Amino acid sequence: MATAIVTISGNIGGNVENRVTPSGHENIQFSVAVNDRRGGNESTAWYRCTAWGATAKGLATLAQNGGFASGAQVIVNGTLRPREFTDRNGQQRMSLDVDASSVDIVKYAGDRNGQPAEDENFQTDPF
């Protein structure tokens, strides 16, 4: 089986959700919008991303402080997983999901001029 490794750069859109599996594994789910401009045309592709373990814990801390939220600019490295589902109208759809192995925050969400609050404990390297 082939594995697709991807790097996406875009903006977080929608809600960031902290979750814990029934077996106790913490994860954080978020969507990233990637804009493509070619020949005067613009389109947006959405990627559902899930980070696990230490990456999820670090991002959850930043999410609680408002820096990792809708509008934050991120670079996500991970494995691409196409997922088929049926929408509310009974139509077959496909989602491009990413199991994130690292997340770099290029610009924090909110009015922070791209910087974390002074009292935040974070690393500049990917989590």
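For a distance above 17 Å, tell me the whole-number percent of Cα pairs in segment 9-62 that qualify.
Result: 45 percent of Cα pairs exceed 17 Å.
So, with +1 on the Cβ of K and R and -1 on the Cβ of D and E, and no other charges, what is the size of the charge dipole of the chain about its Cα centre, to the nearest 20 debye?
420 debye
Taking 8 Å as the Cα distance limit and 6 or more residues as the minimum spacing, I'd like the relative contact order of the chain as a percentage.
Answer for the chain is 26 percent.
In the chain, if the dipole is taken from +1 on Lys/Arg beta carbons and -1 on Asp/Glu beta carbons about the Cα centre, which of Trp46, Ser23, Gly67 is farthest to the positive end?
Trp46
If you count, for each residue, the other Cβ atoms within 10 Å and average over each peptide, how do 55-64, 39-48, 77-86 line up from highest to lowest?
Going by the mean number of other Cβ atoms within 10 Å, highest first, we get 55-64, 77-86, 39-48.
Can you list, largest first and rounded to whole Å, the semi-axes you get for the chain by taking the square root of 5 times each eigenvalue of its Cα gyration tensor?
That gives 25, 20, 14 Å for the three semi-axes.
Where does the charge balance sit around Val6 when Lys and Arg score +1, Asp and Glu -1, over other residues with C-beta under 15 Å from its C-beta?
Spelling it out: positives minus negatives among the neighbours equals -1.
Quick one: helix 53-64 against the long Cα principal axis of the chain, what's the angle to the nearest 10°, folded into 0 to 90?
70 degrees
What is the distance in Å between the Cα centroid of segment 1-53 and that of segment 62-110?
2 Å
None of the figures in this text is laboratory data; all of them are computed from the coordinates on show. Since this is a predicted model, take the numbers as computed values, not measurements. All Cβ positions, even for glycine, are placed from backbone atoms using ideal geometry, and neighbour counts span all protein chains on display.
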